[in-house]
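Written out below as structure tokens is the structure these notes cover.
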């Protein structure tokens, strides 16, 4: 009789423990769930770090057409810089702003010292702003990258693949076109795409509500930059 009672008690205890252990094991082996950026976000909800360490809110460019490019001074694709500079010169008066973000994430093709990075791009006389070096891959990537690559309606392509990936954003701050590293800004495709967005009207003042204001607890500053 005592053995039967002991066996019953053991069964009652063992079954929940085994079930819990199985659940924990399954959870540990399952891949982490990733979440797409908030569909209400626009580029105006982000900031980038300038070479002097100050934050540059992208909301300062509200109503402009943006072309955001991840740069690398030692990349073979750095030959595209004169074409990018020419685009900026040609369309600046109509509302185009090119933003360059240097990074050593792809092939370590950026200079190691942030001051040297700033000096190198300054010597190129590009005519458009270049930020401090930033991390664009991994868990410490600046939030803007996730927005450009995985937000609702983002151009196909997924994660960044290499230096000189170029994202074209409309006047409302939404990414609408993506050009990969080997797509030359001197190509007519760039001019056509840019002109089509510049032809769109500037959004009215009634649509200028920042998500950052509506949700002040959420920070989207791209303030984590490398010191390589």
Can you find even one residue in the stretch 175-184 that is modelled with pLDDT of 95 or more, crowded, with 19+ Cβ neighbours inside 10 Å and under 17 Å from residue 58 (Cα atoms)? yes
Scanning the stretch 90-122 for residues that are surrounded by 14 or more Cβ atoms within 10 Å (Cβ to Cβ) and more than 16 Å from residue 134 (Cα to Cα) gives 91, 92, 95, 96, 97, 98
Report yes if residue 122 is at pLDDT below 95 and either closer than 17 Å to residue 165 by Cα or touching a strand residue (DSSP E or B) at 6+ places or on another chain (Cβ under 9 Å) (or both), otherwise no. no
Within the stretch 91-125, considering residues that are under 30 Å from residue 198 (Cα atoms) and part of a loop (DSSP other than H, G, I, E, B), the one nearest to the chain's Cα centre (by Cα): 103
Flag if residue 23 is assigned to a helix (DSSP H, G or I), at pLDDT 95 or above and more than 24 Å from residue 204 (Cβ to Cβ): no
Filter pass, residue 63 being over 20 Å from residue 133 (Cβ atoms), in a loop (DSSP other than H, G, I, E, B) and either within 15 Å of the chain's Cα centre (by Cα) or modelled with pLDDT of 95 or more (or both): yes
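Rundown of residues vs (1) closer than 18 Å to residue 56 by Cβ; (2) in a loop (DSSP other than H, G, I, E, B); (3) out of contact with any helix residue (DSSP H, G or I) (no Cβ under 9 Å at 6 or more places or on another chain); (4) modelled with pLDDT under 95, yes/no style:
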residue	(1), (2), (3), (4)
127	yes, yes, no, no
148	yes, no, no, no
159	no, yes, no, yes
172	no, yes, no, no
209	no, yes, yes, yes
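The values are calculated or read from the model by the stated rules, or taken from the named source; none is laboratory data. Nothing here was measured: the structure is a model prediction, and the numbers come from that model. For neighbour counting, all protein chains shown are included, and Cβ atoms are generated from backbone atoms with ideal geometry for every residue, glycine included.
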